[in-house]
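Report on the following structure.
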Amino acid sequence: MRKKMLGYLAAGIAFFMTMPQAAHAAGNTEILSKGESSQSVIELQQVLKQKGYFNSEITGYFGLDTQNAVIEYQQDNGLAPDGKVGPETSESIFRDDYAVLFASLSGLDGTSSFLSLGDTGENVILLQQRLNDLEYYDYDTFTGYFGPITKESVKKFQNCAGLPLSGIADMDTLYALFSDSALPYTMSQGDSGSSVQKLQMRLCDLGYFSTDATGYYGTITSFAVQEFQKHNGLSVDGKAGVETRTVLFSDEALPFDGGSSAPLQEASLIQSKSDILGNALTLSYSLMGKDYIYGACGPNSFDCSGFIYYILKNSGLSVNRMSPSAFSMQNAWQKVSNIEDLQIGDLVFFNSDAGNYINHMGIYLGGGSFIHASQSLGAVVRSTMTGGYYNKNFAFAKRIA
């Protein structure tokens, strides 16, 4: 095993010493120079300070002190002393960090051979920085804590890289993530988060998207992206890759002009009831484990009725944000009184302990279980209705399809 780990270490260090580094915000192609202010400059100043070249306050502004520190570093390391941080200088400045990362993850210092939920430290910061460069980690702050946000970011990368969706940064994931061939994040149906919400808001500004920016990339968002791509001479696939996002957020992005088709709205997406039901179930399962927060309705936290609203809204059904009691009074949906008659996809409602009002709801999954945002468990979970509290407090269900 030790020989195997030594092989990993040697391969890892050689790998990162020879590749053009992009794990910091400076990236492969970005050139940092005097006059700039950004998170990238903060990271540059931090590393230069650690190496003994930068002795001023870390401000994020690339001024004369930063330029002189870069020139001094370049002179000491056989680089062209132009005071700018291009790909070659960036690789040289940051390369040691990756050797440290792989050394610790190789198990040679007694640590584990992966990063996972709950881990902390400089290795996690490096992971977050690389994920951020490739736009999987949608935050500018690198906390050094491997929490739910970092786990979801790792899973996004694993999905795009064709790796098992473990959310654990194991050696296979790290090699793929830090390789030259690692692909930037491409948003597509099923994705969710603040980056999707920003995408929707931009599409709305340009007239391509006219429903709520929920942060879930569903059918409506996919069609809106396709329409934007058509109008802007891009390859039409309904996915928001780097090229599409670059044009979308640029000053050159063409707004919707009426053209040959109307802006896509929820009402224009005619779906069968079975389509809506299938979308709702798929989305429900994808949100397992998301936090319960009272009053929240997505995309990363929910209360019980906010969860149902988010699911239905993003599955093609026009609904308003309501309480469990208000959802239960929708007369357009068929009422189901007995647990034995429930079908997959039915909305299930539960009485308060006093039995005088509806105070909880979820979606029936079959086999006597349902999915819901549970206040007591603090997350979106799957629970049984075959006995106990939910069996005793079951009121009735509503069938939407």
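Within segment 139-194, being touching a strand residue (DSSP E or B) at 6+ places or on another chain (Cβ under 7 Å) and within 25 Å of Cys297 (Cβ to Cβ) holds for Met187, Ser192.
Only one of the numbered conditions (1) open to solvent by 30 Å² or more (accessible area, probe 1.4 Å); (2) farther than 18 Å from Asp82 by Cα; (3) modelled with pLDDT under 85 is not met by Ile31, and that is (2). Being in contact (Cβ under 8 Å) with a residue 40 or more places away in the chain, part of a loop (DSSP other than H, G, I, E, B) and buried (at least 21 other Cβ atoms within 10 Å of the Cβ): is that true of Tyr137 here? When the stated conditions are applied, Tyr137 does not pass them.
Remark: pairs (first residue in segment 67-90, free of Cβ contacts under 8 Å to residues at least 24 places away in the same chain and surrounded by fewer than 20 Cβ atoms within 10 Å (Cβ to Cβ); second residue among the β-branched types (Val, Ile, Thr) and part of a helix (DSSP H, G or I); Cβ separation under 8 Å; 6+ apart in sequence or on different chains) = Leu79/Thr89; Pro81/Ile71; Asp82/Ile71.
Does segment 319-334 contain at least one residue that is in contact with a strand residue (DSSP E or B) (Cβ under 6 Å, 6 or more places away or on another chain), crowded, with 20+ Cβ neighbours inside 10 Å, more than 21 Å from Gly193 (Cα to Cα) and of a type in the set (S, T, N, Q)? Yes, there is a match, as at least one residue in segment 319-334 is in contact with a strand residue (DSSP E or B) (Cβ under 6 Å, 6 or more places away or on another chain), crowded, with 20+ Cβ neighbours inside 10 Å, more than 21 Å from Gly193 (Cα to Cα) and of a type in the set (S, T, N, Q). Restricting attention to segment 285-318, the residues that are open to solvent by less than 30 Å² (accessible area, probe 1.4 Å) and aromatic (Phe, Trp, Tyr) total 4.
Suppose the filter is open to solvent by less than 10 Å² (accessible area, probe 1.4 Å), in contact with a Ser or Thr (Cβ under 9 Å, 6 or more places away or on another chain) and either at pLDDT 90 or above or over 26 Å from Gly345 (Cβ atoms) (or both); does Leu199 pass it? In short, yes. For segment 175-194, the tally of residues that are touching a residue at least 24 places away in the same chain (Cβ under 8 Å), at negative phi, part of a loop (DSSP other than H, G, I, E, B) and open to solvent by 20 Å² or more (accessible area, probe 1.4 Å) stands at 7. Among the hydroxyl-bearing types (Ser, Thr, Tyr) and open to solvent by 30 Å² or more (accessible area, probe 1.4 Å) - does that describe any residue in segment 362-372? No, because not a single residue in segment 362-372 is among the hydroxyl-bearing types (Ser, Thr, Tyr) and open to solvent by 30 Å² or more (accessible area, probe 1.4 Å).
Residues of segment 208-231 that are open to solvent by 30 Å² or more (accessible area, probe 1.4 Å), over 22 Å from the mean Cα position of the chain (by Cα) and modelled with pLDDT of 90 or more: Lys230, His231. Restricted to segment 164-174, and to residues there that are assigned to a loop (DSSP other than H, G, I, E, B) and of a type in the set (Gly, Ala, Ser), the residue that is surrounded by the most Cβ atoms within 10 Å (Cβ to Cβ) is Gly167.
Select from segment 195-223 the residues that are part of a loop (DSSP other than H, G, I, E, B) and touching a residue at least 24 places away in the same chain (Cβ under 8 Å) and list them in ascending order.
Step one: filter segment 195-223 for residues part of a loop (DSSP other than H, G, I, E, B), giving 206-208, 210-215, 217-218.
Within segment 195-223, Leu206, Gly207, Tyr208, Ser210, Thr211, Asp212, Thr214, Gly215, Tyr217, Gly218 meet the criteria.
With respect to the conditions (1) over 22 Å from Asn279 (Cβ atoms); (2) free of Cβ contacts under 8 Å to residues at least 40 places away in the same chain; (3) assigned to a loop (DSSP other than H, G, I, E, B); (4) not basic (Lys, Arg), Val319 lacks only one, and its number is (1). Selection of segment 140-152 for residues being more than 22 Å from Ala379 (Cβ to Cβ) and open to solvent by less than 10 Å² (accessible area, probe 1.4 Å) yields only Gly144. The set of residues in segment 352-401 that are outside any strand (DSSP E or B), touching a residue at least 40 places away in the same chain (Cβ under 8 Å) and of a type in the set (A, V, I, L, M) comprises Leu377, Met385, Ile400, Ala401.
Say whether the condition of being within 19 Å of Tyr292 (Cα to Cα), under 32 Å from the mean Cα position of the chain (by Cα) and open to solvent by less than 10 Å² (accessible area, probe 1.4 Å) is met by at least one residue in segment 337-348. Among the residues of segment 337-348, at least one is within 19 Å of Tyr292 (Cα to Cα), under 32 Å from the mean Cα position of the chain (by Cα) and open to solvent by less than 10 Å² (accessible area, probe 1.4 Å), which makes the answer yes.
The values are calculated or read from the model by the stated rules, or taken from the named source; none is laboratory data. Values in this document were obtained by computation on a predicted structure and should not be read as measured data. So basically every Cβ, Gly included, is an ideal-geometry build from the backbone, and we count neighbours across all protein chains shown. We work out accessible area using only protein heavy atoms, side chains counted, and drop any ligands, DNA or RNA first. Shrake-Rupley method; radii C 1.70, N 1.55, O 1.52, S 1.80 Å.
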